[in-house]
Amino acid sequence: DFICYISTACAVIMTLAVSFTHHFLQWQLVYAYYLMLAFLYNSKNNDKRAHQYDAFVSYNANDEGWVLGELLPKLEDEQGWRLCLHHRDFQPGHHP
């Protein structure tokens with residue numbers, strides 16, 4: 001009888017826990033699932049760089065001083081991004 005009581009109590013507690021988790025934490029669990037998938041995909045393909053640059057910076061000639069003086073050092077030196085700038089990274093007549 002005691003084993004039947006323990007197994008029934010465990011089943012009821014597990015049912016309540018699953019119901020509570022599904023009702024109140026459904027979107028957090030879905031988010032955590034997709035976040036885990038993204039982490040696993042990123043760690044699996046970490047050494048395989050699909051792109052040469054992280055971002056292309058398009059700017060007006062009037063903003064060139066700010067881009068080269070503030071934006072570029074902040075993103076490339078401090079953040080480690082690889083930016084593509086038209087005057088630096090494009091070679092005339094060369095197709096990548």
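The values are calculated or read from the model by the stated rules, or taken from the named source; none is laboratory data. The model shown is predicted, which means the values in this text are computed figures rather than measured ones. FYI the Cβ positions are ideal-geometry reconstructions off the backbone, even for glycines, and counts take in every protein chain you see. Side chains are part of the model used for accessible areas, which takes the heavy atoms of the whole protein and leaves out ligands, DNA and RNA. Shrake-Rupley method; radii C 1.70, N 1.55, O 1.52, S 1.80 Å.
Just reorder Met14, Met36 by solvent-accessible area, largest first, 1.4 Å probe, all chains present.
Met14, Met36
If you take every residue apart from Gly69 with its C-beta less than 15 Å away from the C-beta of Gly69, what net charge results, scoring Lys and Arg +1 and Asp and Glu -1?
Here the charged neighbours net out to -4.
Going out from 0 in 5 Å bins, what whole percent of all Cα-Cα distances in the stretch 17-96 drops into each bin?
All Cα pairs considered, the percentages come to 3, 11, 13, 14, 12, 11, 10, 9, 7, 5, 3, 2, 0.
With axes computed from alpha carbons, what is the tilt in degrees of helix 26-44 against the longest principal axis of the chain, rounded to the nearest 10 within 0 to 90?
In the chain, helix 26-44 runs at an angle near 50 degrees to the longest axis.
I'd like the trypsin sites (Lys or Arg not before Pro) in the stretch 49-96 restricted to DSSP loop residues with at most 11 other Cβ atoms within 10 Å, sorted by number.
Hits after loop and neighbour filter: Arg49.
Scan the chain and report its longest stretch carrying no chymotrypsin sites (Phe, Trp or Tyr not before Pro) that are both in a DSSP loop and have at most 16 other Cβ atoms within 10 Å.
1-52
In deg cm²/dmol, rounded to 500, what helix-only [θ] at 222 nm does the chain give when every DSSP H run of at least 4 residues adds -39500 (n - 2.57) and the total is split over its residues?
-16000 deg cm²/dmol
Which angle between 0 and 90 degrees, to the nearest 10, do you get for helix 2-24 versus the longest principal axis of the chain when only C-alpha atoms count?
The angle comes out at about 30 degrees.
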